[in-house]
Structures are given as structure tokens and as C-alpha cells.
Amino acid sequence: MSTISKLLCAAASTAMLAASPSLADTSDARIALSNNYAGNSWRQAMLETWDDVTGAAVEAGTVAAADAFTTSENQATEQAAQIQNMILQGYDAIVVNAASPTALNGAVKEACDAGIIVVSFDGIVTEPCAWRIAVDFKQMGRDQVEYLATRYPDGGNLLEIRGLAGVFVDDEISAGIHEAVEGSNFTIVGSVHGDWAQDVAQKAVAGILPSLPELTAVVTQGGDGFGAAQAIAATDRDMPTIVMGNRQDELAWWAEQKAANGYETTSLSVAPGMSTLAFWVAQQILDGAEVPKELSVPFLTIQQDGLDEALANTPEGSVANVSYSLDDAMAAIEAAR
Amino acid sequence: MTREHLRILLPVLSLAILLAAVFYLQPRAMSYFGLNLLFNLAIPVALATIAQMMIIMVNDIDLSIGTFVSFCACVTATLVQDTPVLGYAVLLAAVLVYAGIGAVIHLRGLPAIVVTLGTSFVWGGLAILVLPSPGGASPEWLQSLMKSKPPLVPMAIIAATLIGVLTHLLIKRSSIGVVLQGVGGNERALERAGWSIVQLKALAYGLAGLFGVLAGMALVGLTTSADANIALRYTLLSIAGVILGGGEFTGGRVSPIGAVLGALTLTLAASFLSFLRLSPDWQIGAQGAILILVLAIRLLVTRREAN
């Protein structure tokens, strides 16, 4: 790459956050998506969003191709072979959602040695030569408490709904919540496991409610807000502010309450569209931008004013999704520096 | 042309046709680098297929080879790396356990399919005990061996040739190999001739264990770290490889070179389908269709031969 385009890249990644600086450098680059599993709605949404966003990028000439490959069985050795095939097919970058954090390392190293950019997301790989776009679950916990602190500066009582015991994600989100509560006026007066499922959360909350003082808010992990609301609605308590997790049933309940009594809350979760963030990060690396190896994906947060739109765009039984743009990728890169 | 020749001709032909198709679809594969990438992950599959062949040779079937290879991979990535003496001792013990399983299956007249299904859960559990979360590291020498770049011919091809030729010499040319095939052919005749079937079965299973260990080590050399579920596919791949390579489930009729070719063909078939850009929904089906096609041709050829 010439010095001029390098300068342009630097300018692009620092100053031109609002513009769309698709430099000519990547117009003949080909990017592949290596995916290990397509059997649930999250993965289906992930692949659909990939097609939408990369299809447009190919049409606009930003990249030459962005093909998605899914292995037929969810097996690491098969995905390793798939990545080796991609090396042979001459892709310039490979975006990976990995079946195993370690078992693909050999194939990923082969790709790096062949000069291919490897960006892993969601299911990340530990091979140092690859980029990782991970989810900062701790931040997800902190964000909830920070939102509540703006709503209730004087603090109050919180009920915490946790996820599945013993799972890394549950520990991280909860640690983030407790960390943020530490420095605030809030106190956590109760904690139950909702297993990220509405029915489990409803039973657990109904069980603990009689022993609790008045609640200001409920902090959650996603997939449990609607169940908590059902349990509390069955009593004569005032409805506390329940933080939601972007599920369609949660958003629908929130919209209903909003119409009835102006209920206010926030909702946050990880969007399946993070595959497209990985795509743009790969494009930026190919473009010559200096990107740190460890990136974190911003959450998809739904605020009061964006609720109706988000609900309208989320199919029943699914999760709110978003497709990321080049600007989002640049913001994520900037945040990691 | 004897039946033995026919038996080996079909795997050679199916591999050649697939290879030609892959070269046509992806000319880049027609290079040192390309061949290595196409075939290096076939090496552990080939070793596992040879392991399976040892069991099929004595009229049994092994449903635990996938988890066993996973277990060996986990041991290689942890114990062998950290405390080599203990690590190799564990691998040696695993081979002896395999031989023991063979002896027990014969002594108690148990169906191998049930016993090995049971042991597959044991190996899977042990793998998780050894390596609870994915990780570990490959021993340095193993990694440099598997990733070495010998002049002219890629490592994957040299390794496959070596495995094929050595096991051919062992099974087809050595006297003990012929006796082992005899266990599958006519166990009772061997017994009357004074051979101990228990010892022979233990030997066949022990050899299977040895090749399983080698498969696990080769796999870790390639992936550089392990995962307790890394080789679950190998159980079915290895059975398909043996059959594709001209082996039969009964009668001790197996072909080591054919088994290696079968393993290479299966690996190549997956790459071929991915180069075709076939939708993943169809890939398992298509892989099965290739298998059925080759077996159908074999049946036609052997029927004609018999007439």
C-alpha cells in the first residue's frame, strides 16, 4: 500500500467517523464467513444479517465477495478443514464463529501464515495471530446499574435475576452488576436464578417476592424480564423498573405498559448481527487500519424512544437484531485503542 | 486380475476422480502448499481408520475410536506436554486397556458394538477430566513434525504413504498379520491349529489402541491444542473409510492401503463439496451419496467377478 493511502486510512479511522470512507484498496478483496452451526434462531438471524450487509457491500464495490460457509456438523475438525479450504480458495480475510476456542488454532495459524486476516467473533479463537471480537458481559451488568442510577439518583432496592448457575456469562454479568452497585446508592436485596428463561424466572421471582421490601428496580440478564414482570403483576406491588433483554415478548410487554401508563425502562443484549461488525473490522484491517487484536462488541440497547421501531422489526419469538455499519466498526476499533 | 487387485483399484480410482474434480474446481490446490492443506487433516483420520480396520479385521466394530482419539489428544496436549514421563505412561496404559477390552470381549463372548459404545462414554468422560476446558498445547517436536515442509513432496502425502505401506507390510506380509486376518476369516480353524484367540484379539485391539494414540497425537500436532470433543466424528469416518477402502465387515477381508485411501477420499469429498459451494443443508446428504455410489459400484464389480 502506498504512503498516501496509508495516510488516508489513518485519517479515515480517526477523523472521518461520520463519512463512509470505502477506499479502493479492498475493492478486489474477498472475505469468507466460516460458521460452525446454523440450528437456532440467533444463528439464522446472524446469517441473514451477514447476507444483507455484505451483499450491499459487494454491490457497492467495497469488497469483491463475502461468502458464508456453514459446516454441516458442529465439529471442530470439520471447521478446521473448512478454513484450510478457504485458504486454498484464496480469500483475503476469514471471519470465524468457532466451534472450539482452541481446536481451530492450527488451521487459523496456517491462514495467518498464508497472509490471510482472521477475525473471530462470538465463538472466538485463542490463536494470537487472529483478531477477537468478544462480548464484554461485565459491562452489560454495569450498564444496567448506570442506567438505573440516572433514573433513581437516590438509589433504592434492587432484585437481581441471574442466569444459569456455573456458566461464565452468568458470573460476568453478575460481577458487573455488583461492581457498579458497590459505588452507588443501590442495595441488592434479593437474588434468584432465572436461567435466561421466562418461565423459570417467573417461578423464581414469585417465590422470593413475599420476603422482599419494596423494589425500585429489577436487574436481569436477558430472557427473564417478561417472566419477572408476570410474577410481580400477580401481586399488589407497584411495578418496579425491569431492565429488559431485547426478546420480542419482553419488548411487547414493555410497549403495552408504555401505552397504558407511560412505563419507562431500557433493554440491552447482544445482537446476532455482530457477524457484520466482524465483517467491517476485517474490511478495515484489509484496508490497512491498525486494529487492536482484542475488540469488544457494543450491546444493542433499546431506549424508550426506539421501542416501537425495535418491536416492529423483531419477529415473534426472536431477538432484536441490528446490522452494523462501517462507522460502528470504526467506533469499536477506536474504543479498543 | 485377482479380487485383491480389484479391491484396491476402486479406492484408487475414486480418489483420483475426486482429486481431478477438486483440481478442476480449484487449480490452486494443484501445488505443494495446496496438497498439504487438502490432506494434512486426513492424517489423523487415516490413523483412526487403520485403528478401526484392526477391529473390523477380527469381525468386531469399534464405536469408541472417536472419543478415544479425543482422549489421547487431550492427554497429549496436557500431560505429555507438562510431565512427559507420566503422559507417555498414560498413553501406554490406554493401549493396554484397549488390548484388555479385546480380551474381555472374546472371553465373555460380549458383542463388541455394545462394549465399545459403553467405553466411548468412559473415554469421553476421561477426556473432560484431563482437559475440562479447551486448551493445552502441543509438544514442540510434534508440532514441528506435523508442520514440517520436506522438499518436493508435502508432509501429508509422505505420512499417508508411510502409514499405508507400513501397515500393509504388517498386516499383509508379516506372518502375524496373516494370522490376525485369520481370526476374522475362520476363528475356529485357528484355534484348532493351536493359536490363542484371546491373545490374538488382544493384539488386534492393542494395535487399534496404538493407532488411536498416534491419531490423537497427530491431531494435536496439527491443531496445536485440544478440546475434549475434538475427534467425535472419527468414529463414523473411520468405519466409512475402511469400507470405502475395500474392507468388509466380516471375514477378515481388509486392505490397509485401501483404508488410508478411503480416509483421504472422505476428507477430499468434504473439500470437494465445499468448493462446489453446495449449501450445508445438502452436504451431509451429498457426502452419503458419494459413499453409496462408490459402494454400489464395488458391489457391481465384485458380483460380476463372482459370476
Exercise for the section: Give, in whole angstrom and from largest to smallest, the semi-axes √(5λ) of the equivalent ellipsoid of chain A, with λ running over the eigenvalues of the Cα gyration tensor. Expected result: 40, 21, 18
Exercise for the section: Quick one: check the C-alpha center-to-center distance for the range A:86-125 versus the range B:29-107, whole angstrom. Expected result: 26 Å
Completion exercise
In nm, the gap between the two label points placed 7 Å beyond Cα toward Cβ at B:Leu162 and B:Ser148 is 0.6 nm
Practice task
Identify which of B:Met146, B:Met54, B:Met30 has the largest mean-square fluctuation in a Gaussian network model of chain B, with springs joining Cα atoms closer than 10 Å.
Solution key: B:Met30
Handout entry: Base-10 log of normalised Debye intensity for the protein assembly as shown (one unit scatterer per alpha-carbon) at q = 0.11 Å⁻¹
Key = -1.09
Handout entry: chain B, relative contact order [Cα under 8 Å, separation at least 6], %
Key = 37 percent
Exercise for the section: For a quick protection proxy, order the peptides B:45-51, A:316-322 by their average other-Cβ count within 10 Å, most packed first. Expected result: B:45-51, A:316-322
Handout entry: Radius of gyration and Dmax over the Cα atoms of chain B, both given in Å
Key = 19.1, 60
Exercise for the section: Could you check the simple spin-label distance between B:Val12 and B:Ser279, using points 7 Å along Cα→Cβ, in nm with one decimal? Expected result: 4.0 nm
Practice task
Quickly work out the A:Glu294-to-A:Ala259 label distance, labels modelled 7 Å from Cα along the C-beta direction, and quote it in nm with one decimal.
Solution key: 4.6 nm
Practice task
Just rank B:Leu200, A:Leu148, fewest to most, by other beta-carbon atoms within 10 angstrom.
Solution key: B:Leu200, A:Leu148
Completion exercise
Expected sort for A:Ser269, B:Ser225 with the fewest Cβ neighbours (10 Å cutoff) up front is A:Ser269, B:Ser225
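If packing is taken as the average number of other Cβ atoms within 10 Å across a peptide's residues, how do B:269-278, A:254-263 rank, most packed first?
Descending mean neighbour count gives B:269-278, A:254-263.
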Handout entry: Sorted by Cβ density within 10 Å, fewest first, the residues B:Phe121, B:Phe33, A:Phe299, A:Phe226
Key = B:Phe121, B:Phe33, A:Phe299, A:Phe226
Handout entry: the range A:137-269, relative contact order [Cα under 8 Å, separation at least 6], %
Key = 24 percent
Handout entry: Cα centre as origin, Lys/Arg/Asp/Glu Cβ charges: chain B dipole, Debye
Key = 680 debye
Completion exercise
With Cα springs under 10 Å, the Gaussian network model of chain A assigns the largest mean-square fluctuation among A:Glu146, A:Glu59, A:Glu250 to A:Glu59
Completion exercise
Taking the range A:137-269, the equivalent ellipsoid from its C-alpha gyration tensor has semi-axes in Å, biggest first, of 19, 17, 15
Handout entry: Förster-model FRET efficiency, 56 Å R0, B:His5 and A:Gln303, C-beta, rounded to 0.05
Key = 0.15
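Values in this text are rule-based calculations from the coordinates and carry no lab data. From a predicted model like this one, the values you see are computed outputs, not experimental measurements. Cβ: placed from backbone, ideal geometry, glycine included. Neighbour counts: every protein chain shown.
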